[in-house]
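Worksheet: one structure, shown below.
The values are calculated or read from the model by the stated rules, or taken from the named source; none is laboratory data. These figures come from a predicted structure and were not determined experimentally. Cβ placement follows ideal geometry from the backbone for every residue including glycine, while neighbour counts extend to all protein chains displayed.
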Amino acid sequence: MVKLQRLGIVISNKMQKSVVVAVEYRYKHEFYSKIIVRTKRYLAHDQENSCEIGDEVLLEESRPLSKKKRWQVKKILNKVVMVN
């Protein structure tokens, strides 16, 4: 069985072991030929609480972990460096 994967950016990490990830989809409108950008938000499981806001992550589909959580953070691709 092939598991689906998505690339996205963490937009919230206020929960324990969970993050909200925004995934952008770009497609061309059939009639107007304009590029349309849609954003979908996924709740994902983050076992180590290692994700920060702004990190680019790879999500992988999993079994249902709660009412809305169906994804797991497989890998953190780019960590955000905070400069004060």
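Numbers for the structure displayed
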{"item": "Condition met for Y42 (surrounded by 15 or more Cβ atoms within 10 Å (Cβ to Cβ) and of a type in the set (F, W, Y))", "result": "yes"}
{"item": "Scan of segment 12-22 for residues that are of a type in the set (A, V, I, L, M, F, W, C) and either in contact (Cβ under 8 Å) with a residue 60 or more places away in the chain or exposed (fewer than 14 other Cβ atoms within 10 Å of the Cβ) (or both), ordered by number", "result": "M15, A22"}
{"item": "K79 being at pLDDT below 95 and either out of contact with any strand residue (DSSP E or B) (no Cβ under 7 Å at 6 or more places or on another chain) or not polar (S, T, N, Q) (or both)", "result": "yes"}
{"item": "All positions within segment 7-38 that are more than 20 Å from K68 (Cα to Cα) and not in a strand (DSSP E or B)", "result": "H29, E30, F31, Y32, S33, K34"}
{"item": "Residues located in segment 38-63, provided they are among the hydroxyl-bearing types (S, T, Y) and over 14 Å from K74 (Cβ atoms)", "result": "T39"}
{"item": "Condition check for L7: in contact (Cβ under 8 Å) with a residue 60 or more places away in the chain and under 9 Å from the mean Cα position of the chain (by Cα)", "result": "yes"}
{"item": "Test: R41 is touching a residue at least 40 places away in the same chain (Cβ under 8 Å) and assigned to a strand (DSSP E or B)", "result": "no"}
{"item": "Count - residues of segment 68-84 that are polar (S, T, N, Q) and surrounded by 10 or more Cβ atoms within 10 Å (Cβ to Cβ)", "result": "2"}
{"item": "Number of the exception - K69 against (1) closer than 17 Å to K3 by Cα; (2) charged (D, E, K, R); (3) touching a Ser or Thr at 6+ places or on another chain (Cβ under 7 Å); (4) part of a strand (DSSP E or B)", "result": "(4)"}
{"item": "Selected residue [in contact (Cβ under 8 Å) with a residue 12 or more places away in the chain, surrounded by 15 or more Cβ atoms within 10 Å (Cβ to Cβ) and touching a His at 6+ places or on another chain (Cβ under 6 Å)] from L65, L58", "result": "L65"}
